[in-house]
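Take a look at the structure below.
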Amino acid sequence: TTITVGSSSTLTASCNPAASSYTWTGGTCAGTTGATCTVTPTATTTYTVAGTNAGGTGTAPSVTVNACTYALGTSSASVAASASTGNVSVTASCAWTATSNASWLTITSGASGSGNGSVGYTVAANTGTSSRTGTLTIAGQTFTVTQEISPPVLCTLSANPASITLGSSSTLTFS
């Protein structure tokens, strides 16, 4: 069983024939006598439970719960309106996946991994009239990409000479 550090899971014991009591060992379950124990491990921990009834105590099965940690090298990126590419590093102690929530934000490498790695992505050009935000979900963490809009087109018109008298001419230059 794998749990992200800080998350919880409920372990449930079941015996045949039914047990009247249970004895848990390991981590925060130690001393628990019920059929369930909720764990929030901060490190990989082995939990063992034995069931007891009128016939005696049964064998003690165990389960190891892997506590996984995940972190991204950065949580966001701001990019220009033009098409671009980027990478975000992943530090992980377990397997992970990456997904995009926006059609213009595409994962190009590292859609899944185990342990440390990186996720490559491309951002399509923003031809719209407003900035946009999309996210990648990587190992349960959110990476936000904000893309700007293209700057407005600025035009100038100049005259040479700048002033003329009636009947004269001037050259107009557009840039």
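The values are calculated or read from the model by the stated rules, or taken from the named source; none is laboratory data. These numbers were taken from a predicted model, which means no experiment stands behind them. Heads up, the Cβs are rebuilt from the backbone with ideal geometry, glycines too, and the neighbour counts pull from every protein chain shown. Areas reflect the complete protein model, heavy atoms only, side chains present, ligands, DNA and RNA absent. Shrake-Rupley method; radii C 1.70, N 1.55, O 1.52, S 1.80 Å.
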Original post:
Using a basic spin-label model with each label point 7 Å from the Cα along Cα→Cβ, how many nm lie between residue 129 and residue 159?
Top reply: 3.2 nm
**OP:** Considering only protein heavy atoms, with the full assembly of protein chains and a 1.4 angstrom probe, order 170, 103 by accessible area, largest first.
**Re:** 103, 170
Original post:
Do you know the relative contact order of the stretch 61-174, to the nearest whole percent, from alpha carbon pairs under 8 angstrom that are 6+ apart?
Top reply: 26 percent
Original post:
Cysteines without a disulfide-compatible partner in the chain, using Cβ under 4.7 Å as the rule?
Top reply: 15, 155
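So how much slack lies between residue 25 and residue 46, counting 0.36 nm per residue of separation and subtracting their Cα-Cα distance, in nm?
On the way: separation 21, 0.36 × 21 = 7.56 nm, distance 0.84 nm.
Extending this stretch completely gives an extra 6.7 nm.
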**OP:** Compute the Kirkwood hydrodynamic radius of the stretch 1-147, taking the inverse of the mean of 1/r over all pairs of distinct Cα atoms, and give it in Å to one decimal.
**Re:** 18.1 Å
Original post:
When only Cα pairs under 8 Å and 6 or more residues apart are kept, what is the percent relative contact order across the stretch 28-110?
Top reply: 20 percent
